[in-house]
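Structure first, commentary second.
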Amino acid sequence: MADCLFCSIIAGSTPAHIVLDTPEVVGFLDVRPVFKGHTLLVPREHIPTLVELPDELSVPLFGAARSVAAAVRTAYSAQGSFVAVNNVVSQSVPHLHVHVVPRTKGDGLRGFFWPRTKYADDAEAAQYATTLRDTLSS
Ligand code: DGP
């Protein structure tokens, strides 16, 4: 899509350090990594957010995330990874991208970027669960 930064990386018009290149998915290093090796995986097709991702691209995209999550352990001796997708809010590039951030205990990343809250009580948690369950099954 014109004017999309990640489409331009996929097309090769904007340089990036490509780490994975398949018919459906491209992976490249994030230019502002949380930790070195932080990778972004994008569908080749311009898809704005996870909500628009078709079934046939879900396995290629998240399979690639799984492969990169495994590879960072070997490549960088990371103990694990943090895998995340921002959708609209905090999403600075409106082309779906899965972040894979190499993680190691004591690396200094705390709280996974966001503050935590609490349910007032178990009844409130049950109400949230019911509302979401009903929406998913409707
Ligand atoms: P998000 O905030 O979830 O939309 O993540 C977008 C990421 O894209 C952010 O971590 C920085 C990265 N990024 C922005 N511009 C470029 C670029 O030109 N090249 C590369 N490789 N990454 C970029």
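A few comments on the model shown:
- Those residues of segment 23-64 which are in a helix (DSSP H, G or I) and more than 14 Å from the ligand (Cβ to nearest atom), in sequence order: VAL51, GLU52, ASP55, GLU56, LEU57, SER58, VAL59, PRO60, LEU61, PHE62, GLY63, ALA64
- Subset of segment 32-64 [in contact with a strand residue (DSSP E or B) (Cβ under 9 Å, 6 or more places away or on another chain) and under 16 Å from CYS7 (Cβ atoms)]: LEU40, LEU41, VAL42, PRO43, ARG44, LEU53, LEU57, LEU61
- Residue within segment 53-63 that is out of contact with any Gly (no Cβ under 8 Å at 6 or more places or on another chain), open to solvent by less than 50 Å² (accessible area, probe 1.4 Å) and at pLDDT below 95 present: no
- Residue count, segment 68-104 (criterion: in a loop (DSSP other than H, G, I, E, B) and either on the phi < 0 side of the Ramachandran plot or surrounded by 14 or more Cβ atoms within 10 Å (Cβ to Cβ) (or both)): 15
- Condition met for VAL26 (open to solvent by less than 50 Å² (accessible area, probe 1.4 Å), in contact (Cβ under 8 Å) with a residue 40 or more places away in the chain and either among the hydrophobic types (A, V, I, L, M, F, W, C) or in contact with a Leu (Cβ under 7 Å, 6 or more places away or on another chain) (or both)): no
The values are calculated or read from the model by the stated rules, or taken from the named source; none is laboratory data. Remember, predicted model here, so these are calculated numbers, not experimental data. Positions of Cβ are generated from backbone atoms using ideal geometry, with glycine treated the same way; all protein chains shown enter the neighbour counts. The protein model used for the area step is the full one, side chains on, heavy atoms only, and it has no ligands, DNA or RNA in it. Shrake-Rupley method; radii C 1.70, N 1.55, O 1.52, S 1.80 Å.
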